[in-house]
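Every read-out reported here was derived from the displayed coordinates using simple, explicitly stated rules and does not represent laboratory data. Note that the structure is a prediction, hence the values are computed from the model and not measured. Don't worry about glycine lacking a Cβ; one is built from the backbone with ideal geometry, like all the others, and counts go over all protein chains shown.
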Amino acid sequence: MTNKTSNKMWGGRFAAGPDAIMEAINASISFDKRMAAQDIEGSRAHAAMLAAQGVIENSDAEAIREGLLTVLSEIEGGTFEYSAALEDIHMNVESRLKEIIGEPAGRLHTGRSRNDQVATDFKLWVRDQFDAAEGALLALIRALLTQAESGADWVMPGFTHLQTAQPVTWGHHMMAYVEMFGRDLSRMRDARARMNESPLGAAALAGTSFPIDRHMTAEALGFDRPAANSLDAVSDRDFALEFLGASSICAMHLSRFAEELVIWSSAQFRFVTLSDRFSTGSSIMPQKKNPDAAELIRAKIGRIFGANVALMMVMKGLPLTYSKDMQEDKEQTFDAADNLMLALAAMEGMVRDMTGNREQLAAAAGSGFSTATDLADWLVRVLGLPFRDAHHITGSLVAIAEGLGCDLPDLTLEQMQEAHAGITQDVFTVLGVENSVNSRVSYGGTAPAQVRAQIARWKELI
């Protein structure tokens, strides 16, 4: 491949090439080469359409097709020489194509512009990321379902303000994250469906006078339809923003779960044991087992959310249609996609490998007067007390138990009757943590039967 020192693609408009500073700020090949496969896919579809419409000869289209396959093989084989002087992946591919097939390469760009070309390439790339995210989310949801099924009836504390609130089941807690990641899955699918319109053929901004068939290229590239407005087609980056927005919410969910795993795996909690595959040791403290994978997942939200904000800032002041500012759309999106996929894979691995410590979970479930609400509910349900009165009586009994250094189920009936004479032996049927979780049979509740029903529903959904 010849050494390229100046960009001949501009024709005779400029007498001299840009200096080093201009070349450095203008070139995007260092990062947009990641779209090489999408660029070649789009060009092949465009050339086939041009031939079908009689815009170029079939022989030229065949030469272009074969030449593009050669370029792709060079790129995939690592022998392709990229040139910053040629600015971007589009010019690099077209220049190399010309070296391979000669004059027919010059006919490839008929009826299109780099504006619709880059929009098409980027859409194809982002669409691939939506598909990858869907697969990763499904794998994570399946891992959570496995955990939920194995511990559908394990009791553990549920928290508000990180204080013990009420007993719940391990399965119920795992299913809460299934719901979260299920919404992420829905957002990814929804955004993918909305973005699946082809910009190709919108040309620079106004369409083209050539008799092209945009429906043909849209179908060839797997789009549902061509974009309906050429101005919007070349200037739209909503698809990238939606991917970054959905990724930011997903990363936030990953971060919340990662935070819990950091807490749960600590010596103070010991709710879970993380596998050695997703933990590290300390250089000086031999007893340490650090949840580094969880901590790094927790940090990914900063990069992903930052990318979302950065692209919002790039787009917010741009008039129609294309401005060079939009070249700054890719690096942020590439980085966010890489980090989201890595975080999803790491979380799925941690969930599959982690072991819930059932005895420690059960012991913690009974601490902190976690069945106080069950006692208050019993007073309302059985004795017919107003809830506010029941709340006050329960608070008095908590104070008594706290003073004695015991939990509510450890109080005697006589001690309870000091707070309200109507309390009977039946109250003890609701005070154990097992009784508590089994009683929460409302739809979406923590009762094991409800948890298993939700597991079955999700297995059918996915």
- [ ] First obtain the Kirkwood hydrodynamic radius of segment 157-290 from its Cα pairs, then insert it into the Stokes-Einstein equation at 20 °C and 1.002 mPa s, and state the resulting D in µm² per second as a whole number.
- [x] 111
Open item on the list: Explain nothing, just the number: dipole magnitude of the chain about its Cα centre with +1 on each Lys and Arg Cβ and -1 on each Asp and Glu Cβ, in debye rounded to the nearest 20.
Closed with: 240
Task: Using distinct alpha-carbon pairs, which all enter the 1/r mean, Kirkwood radius of the chain in Å - done: 26.4
Open item on the list: Charges on Cβ only, +1 for Lys and Arg, -1 for Asp and Glu, centred on the Cα centroid of segment 366-461; of 437, 427, 413, which one is farthest towards the dipole's positive end?
Closed with: 437
- [ ] Just need log10 I(q)/I(0) for segment 21-107 at q = 0.15, 0.22 Å⁻¹, Debye formula, equal scatterers on the alpha-carbon atoms, no solvent, rounded to two decimals.
- [x] -0.54, -1.01
Open item on the list: Please enumerate, by chain and number, the aspartates and glutamates with C-alpha under 19 Å from the C-alpha of residue 316, excluding those fewer than 8 residues away in the same chain.
Closed with: 232, 236, 238, 242, 325, 328, 329, 331
Open item on the list: Compute the distance from the alpha-carbon center of segment 291-306 to that of segment 96-174, in whole Å.
Closed with: 16
Open item on the list: Can you compute the helix-only [θ] at 222 nm over the chain? Use -39500 (n - 2.57) per DSSP H run of at least 4 residues, normalise by all residues, nearest 500 deg cm²/dmol.
Closed with: -20000 deg cm²/dmol
Open item on the list: From the phi angles alone, apply the Karplus equation (6.51, -1.76, 1.60; θ = phi - 60°) to segment 148-163 and give each ³J(HN,Hα) in whole Hz, x where the residue is Gly or Pro.
Closed with: 5, 5, 5, x, 4, 10, 6, 8, 8, x, x, 10, 10, 6, 6, 10
Task: Stokes-Einstein D for segment 366-461, Kirkwood Rh over Cα pairs, 20 °C, 1.002 mPa s (µm²/s) - done: 149
Task: Listed residue (43, 93, 82) projecting farthest to the positive dipole end of segment 11-122, Cβ model - done: 43
- [ ] Place +1 on the Cβ of every Lys and Arg and -1 on the Cβ of every Asp and Glu in the chain, take the dipole about the Cα centre, and give the residue among 351, 55, 366 whose Cα lies farthest towards its positive end.
- [x] 55
- [ ] Calculate one ³J(HN,Hα) per residue across segment 168-179 by plugging θ = phi - 60° into the Karplus curve 6.51 cos²θ - 1.76 cosθ + 1.60, and present them in order as whole Hz with x for glycine and proline.
- [x] 9, 9, 4, x, 5, 5, 4, 6, 4, 6, 4, 4
- [ ] Once you have the Cα-Cα distance between residue 163 and residue 186, take 0.36 nm times their residue separation minus that, and quote the gain in nm to one decimal.
- [x] 5.1 nm
Open item on the list: If I stretch the segment between residue 355 and residue 415 completely, what's the gain in nm (0.36 nm per residue apart, minus their alpha carbon distance), one decimal?
Closed with: 17.6 nm
Open item on the list: Set the bar at 21 Å for Cα to Cα. Now go through 98/123; 123/330; 123/300; 98/324; 33/330 and name every pair that lies beyond it.
Closed with: 98/123; 123/300; 98/324
